[in-house]
Each structure stands twice: as structure tokens, then as C-alpha cells.
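First the structure, in the form of C-alpha cells, and then the observations on it.
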Ligand SMILES: [Fe+2]
Ligand SMILES: [Fe+2]
């Protein structure tokens, strides 16, 4: 099975046309059997528009997606109190209308393998330990508020826009349990895992935390906490015999393909208005992953 895999398309008006053009060209060049998008497709209110666009670009084959943190943005404003409520209110109907498989809700079964996945969230497990800014140590409370301990215009914006996000550990844990239950629901010997947030350090695409000067770190080091879900990776390792590959996005930094202990994984690495895509051939025994040259439009 040949997959066209991408992520973090962020199909908001500023660059929607440009990104869709790239996608059209990739579909034409690769003639994939299925299209896979690892989250951050747009924002909740744009769900119908963007899923319709994806279906127009890829009219016949399976479209398999997971949601990203931005896809939940706006849910809280609309009165949704949980991520699940945002999915139901904004994504479920368009997904059915355009026959898009939302892995957050169900697995996708092909003859060869089962696609399992979901959003993922962050469990603060990739935070750099012992960070200090101007002598002030960063505590768990800072992370749970999304703000570093010093004056900075930077904050983790999910806290303004996603429902229920102040309960970071609870959401992260629920995401791990949801993906695990979907793994357990398949009897397939081969699983292709699609997540928005990276489950492994190797897929963050940022320098190792040990490279940081902990007493004078750059402000971006604070935001490492929100890059992925370490407990998700620990859970996935229990099923490494079954896993054929893992793909993620979210950090906007490419990583891999890398061997994660018997199975390959990669982070797509799309950035705002700068999409990246991969062709993944899932044929046995090992899957082949080839990046599509970046397009200049
Ligand atoms: Fe993103
Ligand atoms: Fe994201």
C-alpha cells in the first residue's frame, strides 16, 4: 500500500491555497492508495471546509487523519468542555460527509495493516529538567499555566483556545488509554500508528535537552514540555512486535526516519505555509519511507 503522508497543513486562509496546491501536485506525482494527515489540519470551525478540500483533492481513496491541538482550537469558545465534545460538535459530521476516517474515533482496516492513532497531547514528559530563568526555577505549576516564570510575551497558546486544557496530565493520560484500547481492538499483526504529538524523544526534531545551558536557557526551552507525550511512547513499546511504523507532526521540525527499536518512525516536519510530504510504502517486510522534494510555488 502506498501512502502519501503529511501533517500540520494548518489550512487557514493565509496559506490555504498554496498548501493545497502542493498537495494536489504530490497526489498527482505519487498516485497514492491512501492519504494520511497527522493533525493540525486547520481549526475546529473550518472542519467542514478543509475536509471537503481534502476529499476534492483525493476523490477516491481512503483519507485517514488524526486531529492536532489546533484542530481543537475554538472548541472552548463554542461551549465545548472537552476534546471529545469538540470532535462531536465540529469534526464528526464532516468526517462522515466526506468519508474521512478520524483515527481519534475509529481504526482504519486495510488488507495489509491496521491504522491506529489519535491526537496524543503532551504529558510534560519531554520538559528539560532543572530549567531556570533569571535564577527562577521552572516548576510544574508554570508548565500547567503555560507561562515561564519571567515576563515574556510568549505563552503556550493552547491554554487560551482548547477546552479543558488546564488539566494537562488528565488529557495526556486519556489519550494514551484511548490509543491503547484501539490497539487492543485489532487482531492485526501489523499496525501503522499515526499521532499528532511525538511519542518518542527521537521524533521531537529538536536538540537534546542535555545541550541546554540550564541556568541561561533560550525561552523556547520552556516550550519543550508541550512537544510530545512520553507515556504514549512507553505504551507503544509494549506492542513493538505489532508496530510497522509511526508517524507524527506537531513540532514543525522534521525527524527521521529513524529505527525506534524494531520499527521505523518519523516526524513530518511541516511548518506554517511550508508543507512537507512523504511517500510510505507499507509492503512487507520493512516499510519504505521517501520524502517528497519540497515544492517551491
Ligand atoms: Fe502544527
Ligand atoms: Fe500541533
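The numbers here are math on the coordinates, done by the rules we state, and not lab data. Only a predicted model underlies this, so the values are computations on that prediction, with no experimental measurement involved. Positions of Cβ are backbone-derived with ideal geometry, glycine not excepted, and every protein chain shown enters the neighbour counts.
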Boolean, residue 164 is within 16 Å of ligand 1 (Cβ to nearest atom) and farther than 24 Å from residue 132 by Cβ: no
Of residues in the range 30-49 being touching a helix residue (DSSP H, G or I) at 6+ places or on another chain (Cβ under 8 Å) and part of a helix (DSSP H, G or I), the one farthest from ligand 1 (Cβ to nearest atom): 48
Top-ranked residue of the range 209-229 - restricted to ones that are part of a loop (DSSP other than H, G, I, E, B) and closer than 14 Å to residue 251 by Cβ, ranked as nearest to ligand 1 (Cβ to nearest atom): 227
Residue under evaluation residue 202, criteria (1) more than 20 Å from residue 120 (Cα to Cα); (2) away from ligand 1 (no atom under 16 Å from the Cβ); (3) not in a loop (DSSP other than H, G, I, E, B), criterion not met: (1)
So residue 88, is it free of Cβ contacts under 8 Å to residues at least 24 places away in the same chain and over 23 Å from residue 272 (Cα atoms): yes
Enumeration of residues in the range 2-17 that are away from ligand 2 (no atom under 15 Å from the Cβ) and touching a strand residue (DSSP E or B) at 6+ places or on another chain (Cβ under 9 Å): 2, 3, 4, 5, 15
Lone unmet requirement of (1) more than 16 Å from ligand 2 (Cβ to nearest atom); (2) within 18 Å of residue 182 (Cα to Cα); (3) not in a loop (DSSP other than H, G, I, E, B) for residue 55: (2)
Residue that is surrounded by fewer than 18 Cβ atoms within 10 Å (Cβ to Cβ), in contact with a helix residue (DSSP H, G or I) (Cβ under 9 Å, 6 or more places away or on another chain) and part of a loop (DSSP other than H, G, I, E, B), where the choices are 152, 187: 152
